[in-house]
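Trainee: The structure is given below, and queries will be raised subsequently.
The values are calculated or read from the model by the stated rules, or taken from the named source; none is laboratory data. Since we're looking at a predicted model, the values are computed, not measured. Here Cβ is always computed from backbone atoms with ideal geometry, including for glycine, and neighbour counts include all displayed protein chains. Quick note on the areas: whole protein, heavy atoms, side chains included, nothing else; ligands and nucleic acids left out. Shrake-Rupley method; radii C 1.70, N 1.55, O 1.52, S 1.80 Å.
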Amino acid sequence: MKKIFLPVLSLTTAFVLLSITGCKPKNAGDATGSDAASRVYVPPGKYDELYNFVSGGFSGQVSVYGIPSGRLLRVIPVFSVDPEKGWGYSEETKPMLNTSHGEVPWGDQHHLDLSQTNGEIDGRWLFANENNTPRVARIDLKTFRTAEIIEIPNSAGNHSSPFITENTEYVVAGTRFSVPMDYENGDVPIDSYKKNFKGTISFISVAPKDGNMKIAFQLLLPGMNFDLSHSGKGPSSGWFFFSTYNSEQAHTLLEVNASKRDKDYILAVNWKKAEEYFKAGKGKKVSVKYAHNKYSDSTHSATSTIETETTIIDTKDFPDIAYMIPCPKSPHGCDVDPTGQYIVGSGKLAALIPVFSFAKIQQAIDAKNFDGDYGGIPVIKYEAALHGEVKKPGLGPLHTEFDGKGNAYTTFFISSEIVKWSLQDLKVIDRHPTYYSPGHLCIPGGDTKKPYGKYLIAYNKITKDRYLPTGPELAQSAQLFDISGDKMKLLSDYPTIGEPHYAQAVPAELIAKNSTKIFKIEENRNPYVTMGEGKSKVVRSGNRVDVYMTMIRSHFNPDNIEGVKLGDDVYFHLTNLEQDWDVPHGFAVKGAPTGELLVMPGETQTLKWTPQTVGIYPIYCTDFCSALHQEMQGYVRVSAKGSNVPISFSLGKNSDAADSLLKK
Ligand code: CUA
């Protein structure tokens, strides 16, 4: 195992080698302590201690688990359509998935960050990134719904995102791929990378009251890959730190070409200074196109606006915004400890963990203790910024979280373990195998000023033999550890949705007490609301038919509709009149290609249907709402184009057409 760390060896190759040489930890089946079962057991009817928000990776969603039980509580659709919630199917939610490229129904969601006040989790919002078509979402933790999505221009592979400042002033979005800027001609040879490809870091402001996001400014940076980040806090407040790789500026075979240099960089950004320049009007306004989508709990519908301008601040013209700190070798995680004094870089090909000191970084900047520049950005000397190195911690360090008691916990992908070490003397204190190959990890509040420090959850990339086989693809896995004592104790495994990357966890009481139970019907401002059963109607306007329909246990009003013709676009506007917690109704009409609806108490949602053939189309409720749920049904009659069947609608009586038929 010792000789595999050749400079050009890829992580994948290294992993394959390790698999061959058998790096599976011993005692894999029997690693839990004897009291583990009782530690994770939450009796029926009792609540979990914590919410755990876990990114879904390629699922584009976020899942919510209870800790310590590992029970799945909810999947929150963010960047992907979701048939369980109707997200992206109802007319009201469709605009949320709009981008400058049109509707994108499936995203790649990697990282999460909970909103903070004074560096502590405040339980208001959860931010989520999308890599592929760069976007940042804000999830409202009252409703567990995506409230806002903003696209990031001049960016590709939005990976170092959505990390926030300690009072949620900004959410950052650093581009993974450097690309030609949107406002310049992008039709250039790929091998002109060094000349034409640039990196950006976007600062998205968050309005303190309602959380509304806005791209404030974008920093223009040399072409390279921006990977992960965390903001400073306490003494390092006003600063942001980003890991970068590919300082070689390779554009092909990166596994070799971007692993040549001994060190890449951690980028330190004085965002307060950048903000000052921005507010003084120093940036350059450029024309771009990006979507900004918002969901309103008052109209129960989303709007999508295409924005056309952003402000660029070129870091090479403002020498006191950004500094490079050399960091061995292709750093991935970039984590700041709870005191705000230490910045941990995790070089995924490095055999040590460098820990940088914020105070020393400041001294080096003041003394101009630089080693040249990188693309016009001063490079601080490695030793001048270094607090120290954790020696021989393991293989392939990726991410670090903190327990608030002076300890750091780092995941090691290649050696498949979590290593606990001391921030004070940088000595390894404990190590525990994971099953297998952990990527991110989460300690509740572990990236804030105030970690809760009782549990640690590892998110593993490779599950192999941990669960019953389910065909070629296995569930990815989370593993819960007790870190309250000196030694880490493995408590349980639980499978996850999609591929978990970064996660957040928070004591349940911070969120549960504010949870929305119903939407007040009298506050429903959807333009198609039906405020009571007496207001139900069906209105034709040309070839558009609007059905204003209500739902209440256990019927639709109306439930018989006639007069729809081929060539019509029918809009079913369903208002759920219930004002009780947890009484949604569903709606389905046979043949509707846009799917179904699920409507929460007090809410209005719309399904568009363009019938394709003449006939009778049943409608019914898809959510078991009462003992007579199965009776919650009705019919829509579709007639030929040009037919003279008039629009009619009713509930609880035969229609005029039927009456006349019976008289014959
Ligand atoms: Cu309404 Cu089932």
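Trainee: Would you mind putting 67-76, 516-525, 481-490 in packing order, based on average other-beta-carbon counts within 10 Å, highest first?
Mentor: 67-76, 481-490, 516-525
Trainee: Let me ask something additional. Quick check: pseudo-label points 7 Å beyond the Cα along Cα→Cβ at Y382 and K450, how many nm apart are they?
Mentor: Spacing of the two 7 Å Cα→Cβ label points: 3.9 nm.
Trainee: Considering only protein heavy atoms, what is the solvent-accessible area of S100 at a probe of 1.4 Å, reported in Å² to the nearest 10?
Mentor: Surface open to solvent at S100 totals about 40 Å².
Trainee: Counting Lys +1, Arg +1, Asp -1, Glu -1, what net charge surrounds P326 among other residues with beta carbon under 12 Å of its beta carbon?
Mentor: 0
Trainee: Also, I was wondering about something else. If you place +1 on the Cβ of every Lys and Arg and -1 on the Cβ of every Asp and Glu, how big does the dipole about the Cα centre of the chain come out, in debye to the nearest 20?
Mentor: 560 debye
Trainee: Counting alpha carbon pairs within less than 8 Å and at least 6 residues apart, what relative contact order, in whole percent, applies to segment 86-200? Provide the component values of the computation, followed by the final result.
Mentor: Numbers: 237 pairs, mean separation 21.1, N = 115.
Worked out over segment 86-200, it gives 18 percent.
Trainee: If you only keep lysine pairs separated by 8 or more in sequence, or across chains, how many in segment 546-664 come under 27 Å at the Cα atoms?
Mentor: Counting lysine pairs in segment 546-664 gives 16.
Trainee: Are any of the pairs K195/K316; K360/K420; K85/K289 more than 20 Å apart by Cα-Cα distance, and if so, which?
Mentor: Pairs exceeding 20 Å: K360/K420; K85/K289.
Trainee: Further question: Set Lys and Arg Cβ to +1 and Asp and Glu Cβ to -1, take the dipole of the chain about its Cα centre, and tell me which of Y452, P328, G186 lies farthest positive.
Mentor: Value computed over the given set: P328.
Trainee: Take S34 and A512, extend 7 Å from each Cα along the Cα→Cβ direction, and tell me the distance between the two endpoints in nm.
Mentor: Between S34 and A512, the simple spin-label model gives 3.1 nm.
Trainee: Peptides 186-193, 144-151: what's the order by average Cβ count within 10 Å, highest mean first?
Mentor: Peptide ranking by packing, descending: 144-151, 186-193.
Trainee: Is the shape of segment 331-370 rounded, prolate or oblate, going by the alpha carbon gyration tensor and its root eigenvalues a ≥ b ≥ c, with a/c under 1.5 for rounded and a/b larger than b/c for prolate?
Mentor: Details: a/c = 3.15, a/b = 1.54, b/c = 2.04.
Taking the square roots of the gyration eigenvalues as a ≥ b ≥ c, segment 331-370 is oblate.
Trainee: Say the dipole of segment 70-165 comes from +1 at the beta carbon of Lys and Arg and -1 at that of Asp and Glu; which of F127, G157, I76 then lies farthest toward its positive end?
Mentor: Final value for the positive-end residue is I76.
Trainee: Let me ask you something else. With a sphere of radius 10 Å drawn around the Cβ of S59, what net charge do the other residues whose Cβ falls strictly inside it have (Lys, Arg +1; Asp, Glu -1)?
Mentor: Residues near S59 contribute -3 overall.
Trainee: I would also like to ask the following. Once the other residues with Cβ under 14 Å from the Cβ of P105 are scored (Lys, Arg +1; Asp, Glu -1), what is the net sum?
Mentor: -1
Trainee: Output the peptides 207-218, 112-123, 355-366, 450-461 sorted from most to least packed, where packing is the average of other Cβ atoms within 10 Å over each peptide's residues.
Mentor: My ranking of the peptides, most packed first, is 450-461, 112-123, 355-366, 207-218.
Trainee: Run the reach check for K368 against aspartates and glutamates, Cα to Cα strictly under 12 Å, same-chain hits fewer than 8 apart removed. What comes back?
Mentor: Partners within reach: D320.
Trainee: A further question on this structure: Which percent of Cα pairs goes in each bin when the distances of the chain are cut into 20 angstrom slices starting at zero?
Mentor: Pairs per bin, as whole percents: 18, 46, 27, 8, 1, 0.
Trainee: Report, in listed order, any pair from K94/K461; K273/K294; K348/K391 with a Cα-Cα distance greater than 23 Å. Don't jump to the answer; show the numbers that get you there.
Mentor: Values: K94/K461 32 Å; K273/K294 30 Å; K348/K391 14 Å.
K94/K461; K273/K294, as the Cα separations exceed 23 Å there.
Trainee: Express the relative contact order of segment 53-97 as a whole percentage, based on alpha carbon pairs under 8 Å and six or more residues apart in sequence.
Mentor: Normalised by residue count, the contact order of segment 53-97 is 24 percent.
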